[in-house]
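Chemist: Quick one: the structure is below, questions incoming.
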Amino acid sequence: MADYQEIVAQLRTAFPAPVSDRVHDAYFVFSFLRALDQVDALKSAAPMLGSPVTLDYDSARQKRVDDTPSTLEAVTAQLVHYLSGMFIWGHPRAQINVVPSPTIPSIIGGLLPSIYNPNLVSEESSRQVSLAEVEAIAMTAALVGYDPQQADGVFTFGGTGTLLYGAKLGLEKAVPDARRRGLHQPAVMLCSDRAHYACHTVANWLGLGEDNLITVPTTDDNQMIVSELGTRLREAISSGRRIACIVATMGTTDAFGLDDLAGIVRLRDELVAEFDLDYTPHVHADAVIGWAWSVFNDYDFERNPLAFRHRTVRALAGAARRIRHLGLADSIGIDYHKTGFAPYISSAVLLKDGRDFERLTRREEETPYIFQSGSRHPGRYTLETTRAGSGPLAAIANLQLFGRQGLQALLGHLVTMAEELREHLEGHSATTVLNGDNFGPVTLFRVYPDGVDTFSMPAQERTDPACRETLLEHNEYNRRLFELIQADALEGRGVVISLTDCYRMTDYGEPINALKSYILSPFSDTQHVNSVLESIWQARRKLNDGS
Ligand SMILES: *Cc1c(COP(=O)(O)O)cnc(C)c1O
């Protein structure tokens, strides 16, 4: 058996050299390069690394820690192996979900901190990376229409985390000192019925209770009906409950629905006066998807300097019309790792008034370990203690790389591709676009068998209980179509799209499913749009022949 000194000597080679050592640096970089080479060997025409893998959790549970150390090379090869079977989200033949391909600078932004482990808990442990967080927050605050002098924010563990911050701040306003006394008054949270399930998570984890999350009905274009919100707010307030948070979804996950934030804030202000409330209910904008469209706040749609197509201009302006009011929200959730093309996790919550953080600040005697020097100590009010520097550096990387114009061009391109797809789907008698009035890169559509009148069927299915059987048949039809398209795409033909089991509920309580194309690859082009269409027609022929 090796003595411990030999083992330590060997393990040292697996750490980056603490002092400049070109030879060892080369070994470090080369090891990474070799890993990338091994990943490259997994690529084919299909939008997937390696091939589809059946996941074997039984053998996963048999894994144990070895007695003896391994080598960097062996470990790396193992790590690469885990990527086999992963979709390549950035592949133009992948139109699956709101998962971007990260840019190279943002990947480097994510990697550098993982070498040096800055900890954003305090400036003592993160130094200039703490500045990077402040810079990213200021840049984004200005972009979405906040006053960066007043606003503040922190990076946190994903969109759900941003929503948790928004609701927690709102709860402290509505039920003062809930942090110490607990939930001593009944409180509710409101969002649309198309909002992300993260709202349930937050109601649960904050101790509000999921039953105290009130969901407000939406229009056919997936936005909250503000008058219905009014009714529910009045009911809640009249019955003695406090309004912990109103969540406006600015870009729903499936359909890119955009709530009328300005209308919601106006309603909130009216109710404060009407009921003479001693607090102002907090409005949180869940803009984790929609925030990026704020680059169009100052775009001149008349002159259209970037020369977008007509349909694209209309779609971008349609989204900008809602997004430009983001600055009215009391807090905003941002996912750079969705429409900002950053690696996971890069999410920030922005507060319109940074002083709101004081409602969460711990007493100094509660945090004796840290915060001895310096001025910025987010760890005094963040939920997490350790926070990585990767989120802010990845965000900064892309904000700098793109600039406003770059993001305008990129989003404009994706929307152009989505609009091309829609143009075809709308033009064909067997297909219907379901979210035609939502103007993002995501298209939800249904395909129907021969002989169905696709002009009247979608509305009929949605509203007429006598259509239940037909609806379910069509759900099944779309599911089988999806499976055929999927199988083809994994063979390297066609495009991987996805299926959403419940685009909306019908008025009589059944889920309507839909095929979904989420175009987020910068490499998407007309040929890939055509490829989606070809896959649909081909799968449809197969289904028609088979039945
Ligand atoms: C994705 C998403 C979330 C959750 O964000 P994560 O970053 O996945 O935690 C919340 N709200 C909306 C609208 C989303 O699309």
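The values are calculated or read from the model by the stated rules, or taken from the named source; none is laboratory data. Just so we're clear, the structure is a prediction, and the values are computed from it rather than from any experiment. So basically every Cβ, Gly included, is an ideal-geometry build from the backbone, and we count neighbours across all protein chains shown.
Chemist: Given the structure, is Y448 without any contact (Cβ under 8 Å) to a residue 60 or more places away in the chain and in contact with a His (Cβ under 8 Å, 6 or more places away or on another chain)? Steps first, answer last, please.
Modeler: Numbers: without any contact (Cβ under 8 Å) to a residue 60 or more places away in the chain: yes; in contact with a His (Cβ under 8 Å, 6 or more places away or on another chain): yes.
Against the criterion (without any contact (Cβ under 8 Å) to a residue 60 or more places away in the chain and in contact with a His (Cβ under 8 Å, 6 or more places away or on another chain)), Y448 qualifies.
Chemist: Going residue by residue through region 195-209, is there one that turns out to be modelled with pLDDT under 95, closer than 27 Å to L499 by Cα and not basic (K, R)? It would help to see each step written out before you state the result.
Modeler: Initial filter on region 195-209 (modelled with pLDDT under 95): none.
No, there is no match, as no residue in region 195-209 is modelled with pLDDT under 95, closer than 27 Å to L499 by Cα and not basic (K, R).
Chemist: Also: Quick one: N304 ticks every box in (1) in contact (Cβ under 8 Å) with a residue 40 or more places away in the chain; (2) surrounded by fewer than 18 Cβ atoms within 10 Å (Cβ to Cβ); (3) more than 25 Å from F157 (Cα to Cα) bar one, so which box is it?
Modeler: Answer for N304: the failing condition is (1).
Chemist: Sticking with this structure for a sec: What tally of residues in region 229-247 results from selecting those that are within 16 Å of the ligand (Cβ to nearest atom) and out of contact with any Cys (no Cβ under 8 Å at 6 or more places or on another chain)? Steps first, answer last, please.
Modeler: Initially, region 229-247 is screened for residues within 16 Å of the ligand (Cβ to nearest atom), giving 245-247.
Those left that are additionally out of contact with any Cys (no Cβ under 8 Å at 6 or more places or on another chain): 245.
Looking only at that region, the number is 1.
Chemist: Got a sec? Which of V226, V202, V175 is touching a residue at least 40 places away in the same chain (Cβ under 8 Å), out of contact with any Asp or Glu (no Cβ under 7 Å at 6 or more places or on another chain) and away from the ligand (no atom under 15 Å from the Cβ)?
Modeler: Details: V226 fails: out of contact with any Asp or Glu (no Cβ under 7 Å at 6 or more places or on another chain); V202 fails: away from the ligand (no atom under 15 Å from the Cβ).
Checking each option against the conditions leaves just V175.
Chemist: Taking T215 as meeting all but one of (1) over 26 Å from F439 (Cβ atoms); (2) away from the ligand (no atom under 11 Å from the Cβ); (3) surrounded by fewer than 22 Cβ atoms within 10 Å (Cβ to Cβ), write down the number of the exception.
Modeler: Against the list (1) over 26 Å from F439 (Cβ atoms); (2) away from the ligand (no atom under 11 Å from the Cβ); (3) surrounded by fewer than 22 Cβ atoms within 10 Å (Cβ to Cβ), T215 comes up short only on (1).
Results for (1) outside any helix (DSSP H, G or I); (2) crowded, with 20+ Cβ neighbours inside 10 Å, shown as yes or no for each residue.
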position: Q150; (1), (2): yes, no
position: L171; (1), (2): no, yes
position: R179; (1), (2): no, no
position: Q185; (1), (2): yes, no
position: H196; (1), (2): yes, yes
position: H200; (1), (2): no, no
position: G207; (1), (2): yes, no
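Chemist: Could we say that S294 is of a type in the set (S, T, Y), away from the ligand (no atom under 16 Å from the Cβ) and either at pLDDT 95 or above or under 26 Å from N204 (Cα atoms) (or both) here? Don't jump to the end; show me each part of the working.
Modeler: Details: of a type in the set (S, T, Y): yes; away from the ligand (no atom under 16 Å from the Cβ): no; either at pLDDT 95 or above or under 26 Å from N204 (Cα atoms) (or both): yes.
No.
Chemist: Still on this structure, I have one more. Tell me yes or no: at least one residue of region 323-343 is of a type in the set (D, E) and without any contact (Cβ under 8 Å) to a residue 24 or more places away in the chain.
Modeler: Initial filter on region 323-343 (of a type in the set (D, E)): 330, 335.
Narrowing further to those that are without any contact (Cβ under 8 Å) to a residue 24 or more places away in the chain: none.
For region 323-343, residues of a type in the set (D, E) and without any contact (Cβ under 8 Å) to a residue 24 or more places away in the chain: absent.
Chemist: What number of residues within region 97-111 satisfy the criterion of being of a type in the set (V, I, T) and crowded, with 18+ Cβ neighbours inside 10 Å? Please lay out each step first, then the result.
Modeler: Filtering region 97-111 down to residues of a type in the set (V, I, T) leaves 98-99, 103-104, 107-108.
Applying the additional criterion that residues be crowded, with 18+ Cβ neighbours inside 10 Å yields 98, 103.
Of the residues in region 97-111, 2 are of a type in the set (V, I, T) and crowded, with 18+ Cβ neighbours inside 10 Å.
Chemist: Whether any residue in region 113-122 is in a helix (DSSP H, G or I), crowded, with 22+ Cβ neighbours inside 10 Å and away from the ligand (no atom under 16 Å from the Cβ) is what I want to check. Before you say what the answer is, go through the steps one by one.
Modeler: Taking region 113-122 first, the residues in a helix (DSSP H, G or I) are 113-116.
With crowded, with 22+ Cβ neighbours inside 10 Å added as a condition, the list becomes none.
No.
Chemist: While we're on this one: Filter region 225-265 for residues that are closer than 16 Å to I323 by Cα and of a type outside the set (G, A, S) and give the result. Don't jump to the end; show me each part of the working.
Modeler: At the first step, the residues of region 225-265 found to be closer than 16 Å to I323 by Cα are 247-253, 255-265.
Across region 225-265, the qualifying residues are V247, T249, M250, T252, T253, F256, L258, D259, D260, L261, I264, V265.
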